[in-house]
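*Asks:* My questions all concern the structure below.
Each value in this text was obtained by applying a stated rule to the coordinates, not by laboratory testing. Because the structure is predicted, anything quoted here is derived from the model rather than measured. So basically every Cβ, Gly included, is an ideal-geometry build from the backbone, and we count neighbours across all protein chains shown.
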Amino acid sequence: MSSELSRIVGIATVLGGIALAFWLVFGPPQDWEGGTRWLRHGLALGSLGAISVGARLFFPPGKEDVLDTAPD
């Protein structure tokens, strides 16, 4: 994947994760009870995962970030 495309996808993923998190905090899911409450918690963890993946796409590891584990 090209660098520009990776950054665009990363930004979109981070913004989508943030939007989902805001909806879960301030939106209608506050009234969810029972089994749907577990769905709300799963969606919250999913939004955190989306933000993490989006940040990794936006800031990919470079050659200087990779550790050399081969013996000398």
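*Asks:* Return the calculated 222 nm mean residue ellipticity for the chain, to the nearest 500 deg cm²/dmol, obtained by summing -39500 (n - 2.57) across DSSP H runs with n ≥ 4 and dividing by the residue count.
*Replies:* Working: 2 runs with 48 residues, N = 72.
It lands at -23500 deg cm²/dmol.
*Asks:* Next question, about the same structure. Could you calculate the contour length gain from residue 5 to residue 55, that is, 0.36 nm times the residue separation minus the distance between their Cα atoms, to one decimal place in nm? Please list the in-between numbers first.
*Replies:* Details: separation 50, 0.36 × 50 = 18.00 nm, distance 1.35 nm.
Result for the pair: 16.7 nm of gain on full extension.
*Asks:* Can you give me the angle between helix 3-26 and the longest principal axis of the chain, using Cα atoms only, in degrees from 0 to 90, rounded to the nearest 10?
*Replies:* 20 degrees
*Asks:* What three numbers, in Å, describe the spread of the alpha carbons of the chain along their principal axes, ordered from the longest?
*Replies:* Rounded to whole Å, the extents work out to 58, 30, 16 Å.
*Asks:* While we're looking at this one, here's another question. From a point 7 Å beyond the Cα of residue 44 in the direction of its Cβ, which residues of the range 10-32 have a backbone N at a distance under 11 Å?
*Replies:* Counting only backbone N, you get 24-26, 30.
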